[in-house]
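Single-structure report; data block below.
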Amino acid sequence: MGIFIKVLFYVSGFIIFWAMIGYPVSLKLIGKCYKSRKLEKDYNHQPTVTVMVVAHNEEKVILEKLNNILELDYPQDKIEILVASDNSTDQTNNIVKEFIKKHPERKIRLYEVKARKGKTNAQNEAQKTVTTEYLVMTDANSMLDRNAVKELMAAFTSDDIAYVCGRLSIVNREASDVSSAEAGYWDSDLATREIEGRIQTITAGNGALYACRNSEYHDFDHIQCHDAAMPLYYALKGKRAICNHDAVAYEKAGEVIEDEFKRKVRMNRTILMAILPDIRILNVFKYKWFSYFYFGHRTCRYLLWIAHLIVLLSNALLLANSKFYLLTFTGQLLFYLISLIGTVTRTKNKYVSLIYYYTVTIIAQWFGVYNIVTGRAKPFWEKAESTR
């Protein structure tokens with residue numbers, strides 16, 4: 001029994017260590033072996049493109065978003081704008097219709113989803129009306145750099161590249177400790193994705209800005225999101241999903257922990273499925289680096305919720321064995337105490353805020369698991385107001 005508890009302790013501890021420290025460090029070392037491999041671009045590649053914006057009750061930002069798309073540096077005769085309104089009940093649809101009337105010279109369409117089933121369903125429905133060669137998808141509250149679409153298209157330099165995502169830049173990182181922590185997380189994750197994409201393929205994208213060939217679009221289940229599902233889908237088909245961080249989308253992070261917590265809970269609505277969504281991922285001989293990437297970047301992170309619980313409980317049962325276990329248990333208690341202090345005081349200390357933010361992330365995973373088990377996981381959500 002003692003050996004079994006020790007195995008639980010060390011395996012859980014390894015998962016936490018590998019997810020947060022081991023994998024990022026190992027990837028940097030591996031990346032140095034591929035430092036000569038650069039992202040290839042072809043700016044002469046300017047195919048027809050539809051920029052799709054999925055919106056549910058986005059009256060606060062939809063006008064700014066449409067004007068932002070009009071300012072994109074891309075041939076007007078090769079770009080279309082499609083707003084997929086997911087059963088909006090505010091003024092979103094009227095604003096879009098009025099905008100279309102004011103710009104008859106541009107190809108702008110509104111697709112109204114009659115029954116609200118979430119973002120992925122809206123994308124599935126609207127995509128069936130698209131006739132352009134490529135599809136660029138972006139969120140209503142994400143403002144694009146002028147060269148964003150041009151950069152995305154320039155990265156499709158070969159047939160094996162099926163997906164390209166851009167870089168999400170947080171514009172309000174100094175607004176609060178929450179937005180600062182989220183911006184720090186993105187900085188770290190973007191560095192990881194850049195190396196993954198340069199070597200072979202990324203394990204996840206972001207909803208702010210990404211593109212795929214219209215002919216290779218896949219209808220995913222409504223509960224899934226493209227961020228996680230698309231790169232995985234293409235990777236298992238032997239295709240590459242990469243990132244071009246010169247294609248930039250600007251967005252506000254949640255400025256209050258309540259907004260950020262809700263966002264993380266809904267992000268984890270498929271967490272149990274995402275731990276190992278397809279057994280084929282383990283075939284390192286076929287999928288090569290992708291198997292390594294997915295285990296370190298996804299599987300271990302999606303196991304943090306249970307790993308932290310097991311390492312704490314098993315550590316408690318091992319206290320009498322040696323001073324080492326007393327030290328590790330004390331360290332864990334101190335970690336959670338610091339997080340509690342951050343909760344109560346909302347201090348601006350960056351180290352306390354970081355620990356607090358990390359703990360909130362783990363709790364959000366637990367809520368995600370709870371929603372899945374109880375059947376409460378839904379494909380749609382209410383937007384965070386502090387991100388608008």
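Each reported figure results from applying straightforward, stated rules to the coordinates on display, with no laboratory input. Bear in mind the structure is a predicted one, so any value in this text is a computation, not a measurement. Virtual Cβ from ideal backbone geometry, glycine too; neighbours counted across all protein chains shown.
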*Once you put a point 7 Å from the Cα of THR89 and another 7 Å from the Cα of SER215, both along the Cβ direction, what distance in nm separates them?*
4.2 nm
*Sites TYR351 and THR129 - FRET efficiency at Förster radius 30 Å, r taken between beta-carbons, to 0.05*: 0.05
*Tell me the trypsin sites (Lys or Arg not before Pro) within segment 291-386 that lie in a loop according to DSSP and have at most 13 other beta-carbon atoms within 10 Å.*
LYS348, ARG376
*Cα gyration tensor shape of segment 253-388, rounded if a/c is under 1.5, else prolate or oblate by comparing a/b with b/c*: oblate
*Along segment 85-97, what does the Karplus equation 6.51 cos²θ - 1.76 cosθ + 1.60 (θ = phi - 60°) give for ³J(HN,Hα), rounded to whole Hz, x for Gly and Pro?*
8, 7, 6, 5, 10, 9, 8, 3, 4, 5, 5, 5, 4
*Arrange the following residues from fewest to most other Cβ atoms within 10 Å of their Cβ: PHE367, PHE17.*
PHE17, PHE367
*asked:* Sequence gap at least 6, Cα distance under 8 Å: using those rules, report the relative contact order of the chain to the nearest whole percent.
replied: 21 percent
*Quick one: grab the alpha carbon gyration tensor of segment 106-166, order the square roots of its eigenvalues as a ≥ b ≥ c, and give me rounded if a/c is under 1.5, else prolate or oblate depending on whether a/b is larger than b/c.*
prolate
*Work from the charge dipole of the chain (Cβ charges, +1 for Lys and Arg, -1 for Asp and Glu, about the Cα centre) and give the residue of LEU190, HIS218, PHE17 farthest towards its positive end.*
PHE17
_Residue-averaged [θ]222 nm for the chain, counting only DSSP H segments that reach four residues, each worth -39500 (n - 2.57)_ = -14500 deg cm²/dmol
*So what's the convex hull volume per residue for the Cα atoms of segment 123-230, in Å³?*
121 Å³
*For VAL284 and LYS6, FRET efficiency with R0 = 35 Å and r from the beta-carbon atoms, rounded to 0.05?*
0.80
*Spin-label point model (7 Å from Cα, Cβ direction): what's the LYS32 to VAL344 distance in nm?*
4.4 nm
*Roughly how tilted is helix 177-199, in degrees to the nearest 10 and between 0 and 90, from the longest Cα axis of the chain?*
80 degrees
*aspartates and glutamates with Cα under 14 Å of LYS262, excluding same-chain neighbours fewer than 8 positions away*: GLU182, GLU382, GLU385
*asked:* At 0.36 nm per residue, and after removing the present C-alpha to C-alpha distance, how many nm does the segment from ILE275 to ALA316 gain when stretched out fully?
replied: 12.1 nm
*Where a Cα-Cα gap under 20 Å defines reach, which lysines qualify for LYS239, not counting those fewer than 8 residues away within the same chain?*
LYS38, LYS41, LYS286, LYS288
_Need the full-extension length gain, GLN76 to LYS101, defined as separation in residues times 0.36 nm minus the C-alpha distance. One decimal, nm._
7.3 nm
*Residue-wise, which Karplus ³J(HN,Hα) couplings in Hz belong to segment 284-296, taking 6.51 cos²θ - 1.76 cosθ + 1.60, θ = phi - 60°, and x for glycine or proline?*
5, 5, 8, 9, 6, 5, 4, 4, 5, 4, 5, 4, x
*Among LYS35/LYS350; LYS97/LYS237; LYS60/LYS128; LYS107/LYS252; LYS97/LYS128, which pairs are too far apart, with a Cα-Cα distance over 30 Å?*
LYS35/LYS350; LYS97/LYS237
